[in-house]
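The values are calculated or read from the model by the stated rules, or taken from the named source; none is laboratory data. Just so you know, these numbers come straight off a predicted model, no measurement behind them. Heads up, the Cβs are rebuilt from the backbone with ideal geometry, glycines too, and the neighbour counts pull from every protein chain shown. Side chains included, ligands, DNA and RNA excluded: accessible areas come from the protein's heavy atoms. Shrake-Rupley method; radii C 1.70, N 1.55, O 1.52, S 1.80 Å.
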Amino acid sequence: MKRFLGRIQPKRKIDANSAVLLPFTRDGKPDFAEFERHLLLTSNCGIVPAVNMDTGFGPQLAPVERVEVLKRTRKALGTAPFIAGACSFGETYDQAVAAILDQGGIPIIFQSEAFAGGDVVALYRKIIAPAPKALAFELGTMFAPFGRIYDLETYRRMMAIPNLVGAKHSSLSRTDELARLELRDRERPDFKVYTGNDLAIDMVMYGSDYLLGISTFDPEAFALRDRWWAEGDARFFELNDALQALGAVTFREPVPAYKDSAAVYLKLTGRMKDPGVHPACPRRPPWEREILEPLARKIKEACSK
């Protein structure tokens with residue numbers, strides 16, 4: 001416990017990144033107009049958008065659809081930075097990384113069955129060789145059946161790849177993430193550990209940065225929370241708790257249905273008109289709005305204090 005508490009890093013500027021929801025129309029097509037508005041909202045808050053992630057249905061999209069997302073992202077953001085998931089579903093990793101680099105994005109390598117065994121470090125080196133900088137992605141099986149959380153020796157070897165500048169960790173385990181932070185501090189202090197733990201968003205207090213799905217629900221609130229932490233403002237805690245309550249509810253089983261919760265929340269709060277989700281996405285019950293309304297009020301109240 002002492003070592004854990006000793007990690008708290010007050011007044012630290014948080015490197016904020018958000019996996020952006022790709023909404024769908026009721027006839028099952030991407031709603032790019034709403035998507036682009038949400039991209040701009042996220043970027044204008046000072047949070048780097050990440051597209052073609054799990055939150056953006058990257059694994060479910062066809063390669064041509066992922067390229068369309070990339071092109072629209074670059075057009076909407078102008079010169080602003082963005083991260084994009086490099087998937088091997090329907091194409092090779094080489095093709096996916098090349099498409100991202102063509103639009104000036106930063107690739108994050110989405111796991112697949114190719115990462116289930118063998119020398120994954122050598123695989124990362126090969127895949128990201130053309131990229132000036134890239135990110136890795138550890139994904140728990142609660143998010144995808146092909147996900148894998150690496151052992152610490154593998155993680156240490158990954159950090160030795162010069163153009164691999166960070167990794168998103170989505171095990172939903174604080175202890176696993178803390179072990180990575182300690183290893184990072186010893187081996188490569190400039191390496192970014194991006195928490196993907198939507199059930200413990202306060203990991204930013206202990207040295208993690210973030211690339212979260214829950215942040216797409218309310219980018220303004222996350223940006224304000226981050227600013228309050230950097231300023232040493234105690235209002236951080238109440239707002240963080242309100243956002244964490246939202247995460248605890250919306251990332252319940254089945255976890256992939258959080259994207260449907262995001263669509264409900266974004267409509268409830270007026271950020272999108274009538275967002276749907278990919279046809280393959282599991283749905284929340286009809287009363288989802290009823291349980292999200294008090295959480296949205298709590299977040300709004302915490303932001304206004």
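Assessment of the stretch 49-56 against the conditions (over 23 Å from PRO282 (Cβ atoms) and either part of a helix (DSSP H, G or I) or modelled with pLDDT under 95 (or both)) yields no matching residue.
In summary, LEU41 fulfils each of the numbered conditions (1) touching a residue at least 60 places away in the same chain (Cβ under 8 Å); (2) part of a helix (DSSP H, G or I); (3) within 15 Å of the chain's Cα centre (by Cα); (4) closer than 14 Å to SER18 by Cα with the single exception of condition (3). For the stretch 246-304, a tally of residues being part of a loop (DSSP other than H, G, I, E, B), in contact with a Lys or Arg (Cβ under 8 Å, 6 or more places away or on another chain) and among the acidic types (Asp, Glu) returns 1.
Within the stretch 40-53, the residues that satisfy the criterion of being crowded, with 24+ Cβ neighbours inside 10 Å and either out of contact with any Lys or Arg (no Cβ under 7 Å at 6 or more places or on another chain) or under 15 Å from LEU266 (Cβ atoms) (or both) are THR42, ILE47, PRO49, ALA50, VAL51, MET53.
If you check PHE143 against the conditions, is it in contact with a helix residue (DSSP H, G or I) (Cβ under 8 Å, 6 or more places away or on another chain) and within 20 Å of MET53 (Cα to Cα)? Taking the combined requirement at face value, the residue satisfies it.
Among the residues of the stretch 181-208, the one identified as among the basic types (Lys, Arg) and in contact with a helix residue (DSSP H, G or I) (Cβ under 6 Å, 6 or more places away or on another chain) is ARG188. Going through (1) more than 30 Å from PRO219 (Cα to Cα); (2) open to solvent by 20 Å² or more (accessible area, probe 1.4 Å) one by one, ARG148 falls short only on (1).
PRO107 meets the conditions (1) closer than 18 Å to THR73 by Cβ; (2) assigned to a helix (DSSP H, G or I) in every case but one. The failed one is (2). Here LYS75 clears all of (1) in a loop (DSSP other than H, G, I, E, B); (2) within 25 Å of THR25 (Cα to Cα) except the condition numbered (1).
Screening THR269 against (1) touching a residue at least 12 places away in the same chain (Cβ under 8 Å); (2) surrounded by 12 or more Cβ atoms within 10 Å (Cβ to Cβ); (3) closer than 25 Å to MET142 by Cβ leaves a single unmet condition, (3). For the stretch 272-299, the tally of residues that are out of contact with any strand residue (DSSP E or B) (no Cβ under 9 Å at 6 or more places or on another chain), over 15 Å from VAL249 (Cβ atoms) and touching a residue at least 12 places away in the same chain (Cβ under 8 Å) stands at 6.
Scanning the stretch 54-71 turns up no residue that is crowded, with 24+ Cβ neighbours inside 10 Å and within 23 Å of ASP190 (Cβ to Cβ). Within the stretch 219-242, can you find the residues that are within 15 Å of the chain's Cα centre (by Cα) and open to solvent by less than 10 Å² (accessible area, probe 1.4 Å)? Matches in the stretch 219-242: PRO219, PHE222. Scanning the stretch 14-35 turns up at least one residue that is in a helix (DSSP H, G or I) and either aliphatic (A, V, I, L, M) or touching a strand residue (DSSP E or B) at 6+ places or on another chain (Cβ under 9 Å) (or both). Of all residues in the stretch 94-153, those satisfying the criterion of being of a type in the set (S, T, N, Q) and under 24 Å from VAL255 (Cα atoms) are GLN111, SER112, THR141.
You will find that of ALA98, ALA134, ALA116, ALA122, the residue that is surrounded by 15 or more Cβ atoms within 10 Å (Cβ to Cβ) and out of contact with any helix residue (DSSP H, G or I) (no Cβ under 9 Å at 6 or more places or on another chain) is ALA98 and no other.
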